[in-house]
Amino acid sequence: MTASKKNGRRVRGGSLVLISILLFGSAFLRIGVQAGPAISKEVQQATEQNEPSGIIMTPAIAELNDLQPMLAAFQAREMKISAQEAQILDRMKALSIAESALDLKLAELVSVEESLRATLALADGAAEGDLDRLTGVYEKMKPKNAAVLFEEMDPKFAAGFLARMRPEAAANILAGLTPQMAYSISLIFAGRNVNVPKD
């Protein structure tokens, strides 16, 4: 047999096998396509007989029905938490606004306090200046005339002026006072620094 005849038989034999496979495949497809609806129809009829409501209660569906209350509880809890979060956010905003207002008020108070301190310092300085001038006037007076004025003063008030004076001027005025007034002023002088802490 020649080589060309052998090749011709192989080609025909291969073609026949291929055609056979295609025919069998086509037959299986037709059976599957036509059998699918028939099988589905049988299953539906069997289910309708077993389940009058038409709903198949598979274990998965039964489990889902059991989980419905839990799911509803989770949803209710989530809504409650969302509402609480919204309330907390509102409170935080209100607190932030209140804190800003408080900071402004605090800044105003600090400013007013500084202004008041400055005013008090001016007033203290002015009062101190007035006392210094008045003390200077008493120092320049004749001791007899100053003693007459000091005799009429309250002993604490008089002691305050005498404490501010130069020691010579204070001694001359104190010498011109009555013994009772001089004694009262001396007691006040002696007790002025008794309660001052020593440490």
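All of the numbers you see were taken from the coordinates with simple rules; none came from a lab. The shown structure was predicted, so the numbers you read here are calculated from the model rather than taken from an experiment. Counting neighbours? That spans all protein chains shown, and the Cβs are built from the backbone with ideal geometry, glycine included.
Before moving on, here are some points about what is shown:
- Per-residue Cβ neighbour rank within 10 angstrom, fewest leading, T135, T178: T178, T135
- Positive-end residue, the range 74-126 charge dipole about Cα centroid, Cβ charges, pick of I97, A121, Q75: Q75
- Along each principal axis, Cα extent of the range 74-126, largest first, Å: 76, 10, 5
- In units of the rule-of-thumb radius 2.2 N^0.38 Å, the range 141-192 shows an alpha carbon radius of gyration of 0.97.
- Under 14 Å, Cβ to Cβ, from L134 - net charge with Lys/Arg +1 and Asp/Glu -1: -1
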